[in-house]
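As structure tokens, the structure follows; a few thoughts come after it.
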Amino acid sequence: MSQGSPGDWAPLYPTPGPPAPPNPFVHELHLSRLQRVKFCLLGALLAPIRVLLAFIVLFLLWPFAWLQVAGLTEEQLQEPITGWRKTVCHNGVLGLSRLLFFLLGFLRIRVRGQRASRLQAPVLVAAPHSTFFDPIVLLPCDLPKVVSRAENLSVPVIGALLRFNQAILVSRHDPASRRRVVEEVRRRATSGGKWPQVLFFPEGTCSNKKALLKFKPGAFIAGVPVQPVLIRYPNSLDTTSWAWRGPGVLKVLWLTASQPCSIVDVEFLPVYRPSPEESRDPTLYANNVQRVMAQALGIPATECEFVGSLPVIVVGRLKVALEPQLWELGRVLRKAGLSPGCVDTEAEPGRSRMISQEEFARQLQLSDPQMVAGAFSYFQQDARGLVDFRDVALALAALDGGRSLEELTRLAFEKQAEEKEKQAEEKEKQAEGPGRLLYKDGFSTILHLLLGSPHPAARTLHAELCQAGARQGLSLCEFQDFSVHHPLHGKLFGTYLRPSQTPNASSPDSVPALANGAVQAPKQKGD
């Protein structure tokens, strides 16, 4: 695949049709032989010195960060720090931070536009978020406050810098934490200039700069004006991108430090003032700001996002995982030498049968406890730690590969469809409507198992599909019209449900063409 089109999704689109959106989760770095030689030489001479000096400066930041908050109570830290602490420590951290990035090779930071005051725009939103070097944008923004994971407080030096910054901390393990973060963001954003600006990376994770991920609404909840900030790395070779699949942390750091000079452009766009509708609807506000920034960058604004630890893309009306966990389950079973077709998967249609991990191991003939636990974790468990055997049967049938797409979708319907409610049945008795329907829970289960679709998105899509009819469920014919006969969705189902086949990479239905290369274990990269 050429460097100019990594991760394109052209195989999923019928011809003629809309252009395929770029895959923002994959970064391919192509080096010529001459470039490899250059990086070997500079990597051996320049990179070690730069990285060593940068780490020394990083540790020199700690005393300034510690001094600003030393002796202050938690109550005092609820207000912005002023006085000599602010002057000495702020300027010390700002200067050392610029030196740190200079030592890593970022010799120039080019600034375009004018940063708005805290009264004009209490919130800054920066995109695209493509690398762990992006905090360099804090320097021309005069070190605004940030939002970070609470777990980062325990990281040496980084934790001290977060306390220095009076960062807004969110815990992914505490459901109440998000509510407190929303309240704190609103308090600071509406303080009338008392607090410094708050900077967000609204995408929430890193991409490859080829498209903007869906903006999360956190930066827009306060309903105050925001200033978009664009980040570009206009270098001849993109060594900075740190996407979900691509070069890892050490390789990105080493290659960037091996570059003689790296340049970053920071552009301040005009302040975006929300309309009354946008002030009331953070999601609408976020989507509109995303489109403005995408237009200024000249790249698409997409609905792609991370759900949990997996990237989710949008194809037609579907949200699907870039690599469904079904594929990983297939790899686990193949590693165990088990053929999915040899497992007895008979389950009563429309009836759930909950099984424990021990029964799951017996059904699949697995003996390795670690492998059993890994395979069992792919299925949604109830409060008792049990899984629905219908889900297991459907997954194994899909991995078996012995059924056509129509047969497989019929099987999925039969296992998840339910009898119509009595009231609906009486209304349709004379019309001789279908006896069993696929309701939203069964529909979302099928899409989640086979395509990795998030449950909320699948339920929303089910409601849209049911709007055309008077029923609350889909008949088999309607489900297959959506999943098999639709020109885009049918190709998607067909591609995703044949992950074990290895057709020619140039084939329009090949998994390598779809997933931009061989399937690899996912790397979790969240901010």
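List of remarks:
- Span from the the range 175-225 Cα centroid across to the the range 59-88 one, whole angstrom: 23
- Potential lengthening between T190 and W84 on full extension [0.36 nm per residue; Cα-Cα distance subtracted]: 35.6 nm
- Selection from A121, L96, V146 lying farthest towards where the dipole of the range 96-154 points positive, charges on Cβ: A121
- Shown in residue order for the range 122-138 are the 3J(HN,Hα) couplings computed by the Karplus curve 6.51 cos²θ - 1.76 cosθ + 1.60 at θ = phi - 60°: x, 10, 10, 10, 10, 6, x, 8, 10, 6, 6, 7, 4, x, 4, 5, 5 Hz (x for Gly and Pro).
- For A417, nonlocal amide neighbours, meaning residues 5 or more places apart or on other chains whose placed amide H falls under 5 Å from its own, are G350.
- Neighbour net charge for S483 - beta-carbon separation under 13 angstrom, K R +1, D E -1: -1
- Spacing of the two label points (7 Å from each Cα toward its C-beta) at Q363 and R403, in nm: 1.4
- Annotation: peptides 80-91, 160-171, ranked by per-residue average of other Cβ atoms within 10 Å with the highest first, follow the order 160-171, 80-91.
- Taking N as its residue count, the alpha carbon Rg of the range 140-181 over 2.2 N^0.38 Å: 1.20
- q = 0.13, 0.18 Å⁻¹: log10 I(q)/I(0) that the Debye formula gives for the range 92-168, counting C-alpha atoms only: -0.45, -0.89
- Based on C-alpha pairs under 8 angstrom that are at least 6 apart in sequence, the range 193-318 has a relative contact order of 34 percent.
- Radius of gyration, Dmax [the range 215-283; alpha carbons; angstrom]: 17.3, 49
- Working note: Cα gyration tensor of the range 90-234, eigenvalues times five, square-rooted, sorted largest first, giving semi-axes of 22, 18, 17 Å.
- Over 19 Å between alpha carbons, listed pairs K415/K491; K214/K491; K214/K251; K319/K440; K335/K491; K440/K491: K415/K491; K214/K491; K214/K251; K335/K491; K440/K491
- Simple rule: put +1 on each Lys or Arg Cβ and -1 on each Asp or Glu Cβ in the range 136-223, find the dipole, and look at L162, I136, L213; the Cα lying farthest toward the positive end is L213.
- Dimensions (Å) - the range 20-101, Cα atoms, principal axes, largest first: 57, 41, 17
- For the range 440-485, average projected area of the Cα convex hull in nm²: 3.0
- Listed residue (S258, P311, I231) projecting farthest to the positive dipole end of the range 219-375, Cβ model: S258
- Among 67-74, 101-108, the order from most to least packed when residues are scored by Cβ within 10 Å on average: 101-108, 67-74
- Assuming charge only on the beta carbon of Lys and Arg (+1) and of Asp and Glu (-1), the dipole of the range 17-163 about its Cα centre is about 640 debye to the nearest 20.
- The gain in end-to-end length when the R291 to L46 segment is fully stretched comes to 84.2 nm, 0.36 nm per residue minus the alpha carbon separation.
Rule-based calculations on the coordinates, nothing more; no lab input. Bear in mind the structure is a predicted one, so any value in this text is a computation, not a measurement. Neighbour counts run over all protein chains shown; Cβ positions are idealised from the backbone, glycine included.
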